[in-house]
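Notes follow once the structure below has been shown.
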Amino acid sequence: SAVINRLDYQEPAFRVENINLVFNLDPVTTTVYNTMRIEPLTDSDHDLVLNGSELELASVFENGSPLSTERYTVTPEALIIRGIRQKTTITIYNKFHPQANTLLSGIYMSNGNFMSQCESEGFRRITYFPDHPDMLTRFHVEIRADKEQYPILLSNGNLIEQGDLDNGRHFAIWEDPSLKPCYLFALVAGKLVKREEVYKLANGKDCLLQVWVEPQNADKTEHTMECIKRAIHWDETRWGLEYDLDRFMLVATDDFNFGAMENKGLNIFNTRYVLATPKMATDLDYFNIESVVGHEYFHNWTGDRVTLRDWFQLTLKEGLTVFRDQEFSRDMLGKSAVIKRIMDVRALRSRQFPEDAGPMAHPIRPESYRQINNFYTMTVYEKGAEIYRMLQTMLGKEGFKKGLSLYIERNDGRAATCEDFINAMAEANGRDLKQFFLWYSQAGTPRVQVKTYWDPEASTYTIVASQSTPATPGQPVKHPFVIPIAVGLVDSEGHDIPLQLEGETAPLGTTRVLELKDEENEWTFVNVGSRPVPSLLRDFSAPVILDYAYTRDELAFLARNDADPFNRWDAMNRLMLGVLEDMTDVIEMGGKPEADHNLLSSFEQILTDETLTPAFRAITLQLPAENLIGEPRAVIDPDAIRKARTELKAAIGRRYSSLLFKLAESYETPGDYSPDSESAGRRSLKNLAYDYLITGGNPKALIALRGQFEKANNLTDKLAALTSVVNSASPAKTNMLVEAAKEWQGNPILINKWLTVQASAGTQPGEADTLTRVRQLMDCGAFSIKNPNNVYALILAFCNNEPEFHRKDGKGYEFWLQILRELCSVNEYVAARVARTLDHWKRYTPDRAQMMYRVLNEAKHIPGLPVGVQEILDKSLG
Ligand code: B3K
Ligand code: ZN
């Protein structure tokens, strides 16, 4: 169907003053009475368009009397009412079918409970309504349901009344005092148990906090509750933003299309971001739960109270809220804060940069879409977050905070645009942000090329930076961005030089943010008596690709000495990437690659540097992911890349075996499990050491890992052991997988991890290939194509397993097509995500590219192809 364009936005012609909903819940057919107080806003003769999708309309009334059929039209997508000239009351009686709702949008069933998901356009699958984010209204909701089956009835806001009805049914009435768009509506009903606590807000008011889960999960929500309290407190102290309702509820479900949802006062979460015990959640899970709980909570201000004018503004809430959750996690980490920055940049480079360089490239505020669900992307979220971070870097923390306060003050209770945000920032700081705003409209990752000149006679050091941004679909030519480049200069002793720019009277600090605004700019530092090594883009001050001709010696030097911990990590990462590129080249040419000695000695230095935290050492010594190695290559050959990476890992494992062993043993974490960053760091370094060792073929490592697998009191160690062994040649993996299945059975989150370990593994000589095993796992009883978590854990994990998915015989692509076909009739949103795994087909070896091209074209003929999937296929084929 049609393309929606940002510039076609039209102000609503009606206002919905309030809505009163009465639900009669039934899994097969649920009925809704929907009464809206409607006010026309213009004099002109507009029709009232109420969106509706897969609904059964029973009847329509105006002010209590049936509306004559001449006054309205029903289409598969809308109910259109004509002739509303003054304030009036419309009542609609409609039905829908929760159990048949496999799209998991609207109201659907999950393990016998009713759950809802409305963002972006799910509310129209519940009842007829102007389903646009700028349509703010007040909700009054009555839920009626069987009392025994559905003892708990929840919706947004405050519980006004509850009681019994006839026939074993009961009801609850909820009223949300806030104005909200319908995408923030939520309804939950079923057998749920809660953890609850009364928490004192900074303003002295009590707030009731509740975490609702299925009964078998009652004991797994302690961590989540702690995270909610931390998030509330952080938002109060860092930004002065307080919670505004008497209660905050969070509900967990196993059936969810993505991570979580910020419905006003009633967040709904995928169980994987809620449930945690030492035996079912890894350190990373504990950490991610904190960040997702924070994210959804922070939406209360950036998303809910200030919402969006239209979906094109998505990054206004998402980019900003990701930025806020990143800052939250960093603040919670204390002295290990840089770890979070490293993880975020790693994700940006490995998933957003490719998106920005591919056929789906779009600005953080897209100009058009066919299916908005396709635009909940790494670009809108993660690159978006970088845009807000750059503002904070340029305006300073205080300046940014002032701007955010002004933005919120002006837009509270309104549906805002990205312009509203930038204008507030600009005004609060007295700055012109016109050029900065290009970050919202131009796609593509800018490349910043830096050259440096040291003049020994004048003792000056000049930095010349130039920028260029590649063409992206629909945007052949780009204007220069404003790019904040944080710079330090490191002397030969490894110390930062105090920085004084030409024209300044005294040095000021050791890190400067230079603003690159033109195609090329230069800066000259004075009093630079010896040649420094530049530390560029500190803390990753802008989402760009930095080109600077570092020698390997310089990278090794920075990895050891840079005062900016992010750049220490980055230097090591660049060094490893460079070596891996070379090794891949050699393999592609049929040679035998060798590990670089500079890299090896840096590896050893960092490994043994006790001044660094174990967490930092672990993350710095992890080899770059395969897709990052592929990214800069002219043609991607996944086999060569995996081979190079495995060889390097093995070489390191062999070369430093005794050191790695000693280290692994000394970083055991005895005693009770705790997910704190210090203990997590120790585990991560230990498991990294074992992984190098087992890849190097060390038999003692296998024994140690089997022991760890059996005895571990926490999932981090257990899963790390399993993963390392499964990726090794050891036949021990078979038994370990069987044991894990026995122990994890019945816990969907653990079973998903079990599926992922297998879908991500390589094929060892003599074993059944990974694809065959994936097919078997689909039939193992623990997998359902209707459950998105299952699909992500098994299918998506396999599609991201480069050499196995991109097998030379093309069977991976046939599998992709078969799955896509099935998913199209089950859940088109999940289908669209799977479809995207081929969007880089052009980058691969010609034989592979051709086969991908063929299945992409075949996919276009899937009967009933949803427009969202079609949009992805069309763009991919470009
Ligand atoms: N706002 C939701 C995402 C909704 C996705 C709809 N396709 C969760 C979040 O970003 O916080
Ligand atoms: Zn969000």
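Some observations on this one:
- Of all beta bridges that DSSP places with both ends in the stretch 18-271, some 80 percent have antiparallel geometry.
- Within the shell of other residues whose beta carbon sits under 12 angstrom from the beta carbon of SER724, the net charge comes to +3, with Lys and Arg scored +1 and Asp and Glu -1.
- Here the simple spin-label model places points 7 Å from the Cα toward Cβ, and for VAL867 and LEU41 these points are separated by 2.3 nm.
- Once the Cα atoms are used to define both axes, helix 715-726 deviates from the longest principal axis of the chain by about 60 degrees.
- Helix 732-744 vs. the chain, principal-axis angle (Cα, 0 to 90°, nearest 10): 30 degrees
- Debye log10 I(q)/I(0) at q = 0.14 Å⁻¹ for the stretch 623-756, Cα point scatterers: -0.71
- Computed over the stretch 447-542, the percent of Cα pairs more than 18 Å apart is 47.
- Estimated [θ] at 222 nm from DSSP helical runs (n ≥ 4, -39500 (n - 2.57)) normalised by residues in the chain, nearest 500: -12000 deg cm²/dmol
- Loop sites in the stretch 105-172: trypsin sites (Lys or Arg not before Pro), DSSP, at most 16 other Cβ within 10 Å: LYS147
- The C-alpha atoms of the chain define a longest principal axis, and helix 867-877 lies at about 30 degrees to it.
- Extreme residue, positive dipole direction of the stretch 1-127, given options THR30, ILE90, ILE107 (C-beta unit charges): THR30
- Charge context of MET332, other residues only, Cβ under 9 angstrom, K/R +1, D/E -1: +1
- Among THR716, THR772, THR505, THR524, sorting on how many other beta-carbon atoms sit within 10 Å of each Cβ, with the fewest leading, yields THR505, THR772, THR524, THR716.
- Relative frequency of Cα-Cα separations exceeding 20 Å in the stretch 307-441, percent: 46 percent
- Remark: ARG836, ARG552 ranked as ARG552, ARG836, counting other beta-carbon atoms within 10 Å and listing the fewest first.
- Computed label-point distance, nm, for sites ALA634 and LEU659 using a 7 Å Cα→Cβ extension: 3.6 nm
- Cα centroids of the stretch 204-223 and the stretch 311-384: 29 Å apart.
- Whole-Å distance, taken between Cα centres, linking the stretch 778-812 and the stretch 842-878: 18 Å
- Cα centroid separation, the stretch 640-662 to the stretch 674-719 (Å): 16 Å
- P(r) weight above 52 Å for the chain, C-alpha pairs, percent: 16 percent
- Relative to the Cα centre, the charge distribution of the chain, modelled as +1 at Lys and Arg Cβ and -1 at Asp and Glu Cβ, gives a dipole magnitude of about 1320 debye.
- Cross-link pairs LYS264/LYS401; LYS95/LYS191; LYS205/LYS383 - those with Cα-Cα distance over 28 Å: LYS205/LYS383
- Here the residues ARG848, ARG324, ranked from fewest to most Cβ neighbours within 10 Å of their Cβ, fall in the order ARG848, ARG324.
All of the numbers you see were taken from the coordinates with simple rules; none came from a lab. For clarity, every value in this text was computed on a predicted model and none was experimentally measured. Positions of Cβ are generated from backbone atoms using ideal geometry, with glycine treated the same way; all protein chains shown enter the neighbour counts.
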